[in-house]
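Here the structure comes first, spelled out in structure tokens, and everything after it is commentary.
The values are calculated or read from the model by the stated rules, or taken from the named source; none is laboratory data. Bear in mind that the values here come from a model prediction, so they are computed numbers and not experimental data. Virtual Cβ from ideal backbone geometry, glycine too; neighbours counted across all protein chains shown. Accessible surface is based on the protein model in full, side chains and every heavy atom, while ligands, DNA and RNA are left aside. Shrake-Rupley method; radii C 1.70, N 1.55, O 1.52, S 1.80 Å.
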Amino acid sequence: MAIAQFPPVDTADEHGLLALGGDLELESLLLAYSKGIFPWPISSEYPLAWFSPDPRGILAFEKLHMSKSLRKFLRKSPYEVKFNTNFEAVIMNCAQVPRSDNQGTWITQDIINAYINLFKNGFAYSVETYLDERLVGGIYGVCINKFYSGESMFHIEDNASKVALISLLYQLHQQGIGWIDTQMVTPVVESLGGVSIPRETYLKMLHKSLYS
């Protein structure tokens, strides 16, 4: 049964943990994201965890920073970027490709199934980076009206995930969408200009993106 209500986000603990339990049905996920909440499984030994951290990470187009070396790479990038052509492969790679920060194992089979369902219903997206028609990087996330989140990304070639993320920001900018929710500020997000903002500010931005 879909979740009918979440606790107020200001009751989350210092780590952002708001609630335990529930399901990943389409309606549950849409309700969560509309309230500034996202699922993040802690481990198979614990119930499903829901988070609403304070502060919150975002990446805004106007704050996008690219190093001199990255700009040079982009000018001669060998990659082809596509949108929404291989969502399942992107999320599977995000779950399986080893990363230096040891993140990724939280993408359980239940998460994979739930977000594929979101994608099939028009509430998720993917950006794919190809090298000689081989998928070498990508990012996936949630999209509801003008709200976009970046859930996870992967790369198996240098800068492939950064190319996907930057391409996403430019694509959204052309549609009048100026930022994406990154939930937290990872080193990669920070290197591109990502910042942490108060949850209250984030919620106002979220509401405007959802309902404007």
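For residues that are acidic (Asp, Glu) and within 24 Å of Gly178 (Cβ to Cβ), scanning just region 41-81, find the one that is surrounded by the fewest Cβ atoms within 10 Å (Cβ to Cβ).
Among them, the one singled out is Glu62.
Take region 27-46 and flag every residue that is closer than 14 Å to Phe147 by Cα and assigned to a strand (DSSP E or B).
Correct list: Phe38 only.
Just to check your reading of the model, which residue among Lys82, Lys35 is in contact (Cβ under 8 Å) with a residue 40 or more places away in the chain and of a type in the set (Lys, Arg)?
Every option except Lys82 fails the conditions.
Name the one entry in Leu203, Leu168 that is open to solvent by less than 10 Å² (accessible area, probe 1.4 Å), at pLDDT 95 or above and hydrophobic (A, V, I, L, M, F, W, C).
Leu168
Give region 85-96 a look and list any residue that's free of Cβ contacts under 8 Å to residues at least 60 places away in the same chain and either among the small types (Gly, Ala, Ser) or open to solvent by less than 70 Å² (accessible area, probe 1.4 Å) (or both), or say none.
Going through region 85-96, the residues free of Cβ contacts under 8 Å to residues at least 60 places away in the same chain turn out to be 85-89, 92, 95-96.
Within region 85-96, Asn86, Phe87, Ala89, Met92, Ala95 meet the criteria.
Go through region 170-193 and give me each residue that's over 18 Å from Phe83 (Cα atoms), in contact with a Leu (Cβ under 7 Å, 6 or more places away or on another chain) and in a strand (DSSP E or B).
Thr182
On the given criteria, is Thr105 of a type in the set (Val, Ile, Thr), modelled with pLDDT of 95 or more, open to solvent by 60 Å² or more (accessible area, probe 1.4 Å) and part of a loop (DSSP other than H, G, I, E, B)?
For Thr105, the condition - of a type in the set (Val, Ile, Thr), modelled with pLDDT of 95 or more, open to solvent by 60 Å² or more (accessible area, probe 1.4 Å) and part of a loop (DSSP other than H, G, I, E, B) - is not met.
Just to check your reading of the model, which residue among Gly178, Gly193, Gly150 is at pLDDT 95 or above, open to solvent by less than 70 Å² (accessible area, probe 1.4 Å) and farther than 21 Å from Phe123 by Cα?
The conditions single out Gly193.
Just name the residue that is nearest to Phe119 (Cα to Cα) out of those in region 7-40 that are aromatic (Phe, Trp, Tyr) and buried (at least 20 other Cβ atoms within 10 Å of the Cβ).
Going residue by residue through region 7-40, those that are aromatic (Phe, Trp, Tyr) are 33, 38, 40.
Subset that is buried (at least 20 other Cβ atoms within 10 Å of the Cβ): 33, 38.
Numbers: Tyr33: 14, Phe38: 16 Å.
Step by step, filter region 7-40, then rank; the result is Tyr33.
Could you say whether any residue in region 60-75 is of a type outside the set (Val, Ile, Thr), modelled with pLDDT of 95 or more, over 22 Å from Ala2 (Cβ atoms) and assigned to a strand (DSSP E or B)?
yes
Please pick out the residue among Ile144, Ile139 that is surrounded by fewer than 19 Cβ atoms within 10 Å (Cβ to Cβ) and either touching a helix residue (DSSP H, G or I) at 6+ places or on another chain (Cβ under 7 Å) or more than 24 Å from Glu45 (Cα to Cα) (or both).
Ile144
Touching a Phe, Trp or Tyr at 6+ places or on another chain (Cβ under 6 Å), charged (D, E, K, R) and over 17 Å from Ser77 (Cα atoms): which single residue out of Glu151, Glu190 fits that description?
Glu151
If you go through region 108-133 one residue at a time, how many are assigned to a loop (DSSP other than H, G, I, E, B) and surrounded by fewer than 16 Cβ atoms within 10 Å (Cβ to Cβ)?
So the answer is 4.
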